[in-house]
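Everything on this sheet refers to the single structure shown next.
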Amino acid sequence: MYNKHKEKWAKMKIFKRKAYQSLLEWKNEYSNNYACLLEGARRVGKSTLAEEFAKNEFRSYIRVDFSDIAQEMLEIFDDIANLNYFFLRLQTMTGVTLYEKESVIIFDEIQLCPKVRQAIKHLVKDGRYFYIETGSLLSIKQNVQNIVIPSEEHKISIHPLDYEEFLWATGENSELLKEVAKKKIPLGDGVNRRLMKSFRLYIAVGGMPQAVNEYIDTNNLERVDKVKSKILSLYNEDLFKIDISGKTSAMFDAIPSQLALQKKYFSISMATKKKKTSKDEERFFNLLNSKTVIPVFNVTQPCFELAQAKQLDKFKLYFSDVGLFVTRLFNNGKGVENDIYNKLLSDRVDANLGYLYENAIAQILTANNLDFYYYTWKDDNDPHIKEIDFLLASHKKLIPIEVKSAYRNNHKSLDVFVNKHSKVVGRRILVSQKDFGNEEMLELIPFYAFPFVASNEF
């Protein structure tokens, strides 16, 4: 590995990640013809995962971090035409011996060196070694405008730790929850409340590996909050780099406040405090490409082909990590105090936090690579706009999902929707803090069980 600051990795725990299996699939089935590209937001653990995989699955590896690279190392990549000479210099500089068909080269933050990404086609075709790329903001025009994007890339999306990965990291028993989610048998008030507190801990900490690491090390949520604040600052810095006007960053920062207003769709002009322009639309899609947010688009009608009914101009935005959402939501300028976290864990926060739990559900659905949308409508005899929080299609049926943060189950919109579209609706789900149960055809699923339902049943 070539990295001037190896020590910064030494303090980080290596967490078990589901994407490791996806990397194994790439190695066994695709690595002869494709480099592996790990895509995701900054600080979700791409580099750590790539290096851990290389260490375990290959005879040797070289890691080149383009965000932290000496000039003499960078100069090696000025000429990759003569691969014999290139590989010789690379091995000499790093002190690592490469073995044909047994070694992998990691190009970390490859978007910072576009010419190397363009050379992937040449390197893969050579066939001597294997390649893993990691990067953020990979689709931003500033990073790729002067290169030919290689088609020889097998892409794997890396997300923050999901709830099951969080349980693995904190030493909790996920297998028991899997069984509970499968059987859907009521657990009783005491057990349900204990498990909900565990899920709220996940909401508070989130799934960013550095934040989880800090929680395990210190058991101090104020310290965890400081880690998350630094990550948010990093995101804002990245967004300013691609848009010096600050409007893209403003869109990102406005997400919690706009969700709190319970608006039916995100307003770009409200976020930027300027009239929306065509340039703003470009900024919006750049924000999506940063992987720091989760977009949920409205659909014009509930149909099996939901993607075809998607409205590109009507959408909601959530944070890619619910823990970061908490930090941005409750930040008073000096960080989130422990008292707020204690109230959150005890479900005593003086606010309607439905959108916070919606963010958690959106993150769960995203982690399971599910396509999901939301749906709004207005009946002739009712002036109020009704809404289905999340809508997805599975097994030629629609699955409407309602999210309720409170223990009470008020689901009028869901009832109306099901009655109106009963022929195309399959399962109908209410996710809340309440125990497992059924109300006629409605499934009541507690938050802590929903990740396992989403991963196994949709």
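The values are calculated or read from the model by the stated rules, or taken from the named source; none is laboratory data. Just so we're clear, the structure is a prediction, and the values are computed from it rather than from any experiment. Note that we place each Cβ from the backbone using ideal geometry, even for glycine, and neighbour counts take in every protein chain shown.
Taking region 87-106 as the search range and keeping residues that are charged (D, E, K, R) and within 18 Å of His122 (Cβ to Cβ), which one is surrounded by the most Cβ atoms within 10 Å (Cβ to Cβ)?
Arg89
Test of understanding: among Lys316, Lys343, Lys334, which residue is buried (at least 20 other Cβ atoms within 10 Å of the Cβ) and either under 22 Å from the mean Cα position of the chain (by Cα) or at negative phi (or both)?
Only one candidate passes the filter, namely Lys316.
When the residues of region 301-317 are filtered to those that are part of a loop (DSSP other than H, G, I, E, B) and of a type outside the set (S, T, N, Q), which remaining residue is modelled with the lowest pLDDT?
Phe304
So which residues in region 81-97 are closer than 17 Å to Ile132 by Cβ and in a loop (DSSP other than H, G, I, E, B), if there are any at all?
Across region 81-97, the qualifying residue is only Val96.
Filter region 281-298 down to the residues that are touching a Phe, Trp or Tyr at 6+ places or on another chain (Cβ under 7 Å) and assigned to a helix (DSSP H, G or I) and list them by number.
Across region 281-298, the qualifying residue is only Leu287.
When you go through Ile255, Ile268, Ile231, Ile244 one by one, which is the residue that is among the β-branched types (Val, Ile, Thr), in contact (Cβ under 8 Å) with a residue 60 or more places away in the chain and farther than 20 Å from Ile158 by Cβ?
One residue alone meets the criteria, Ile255.
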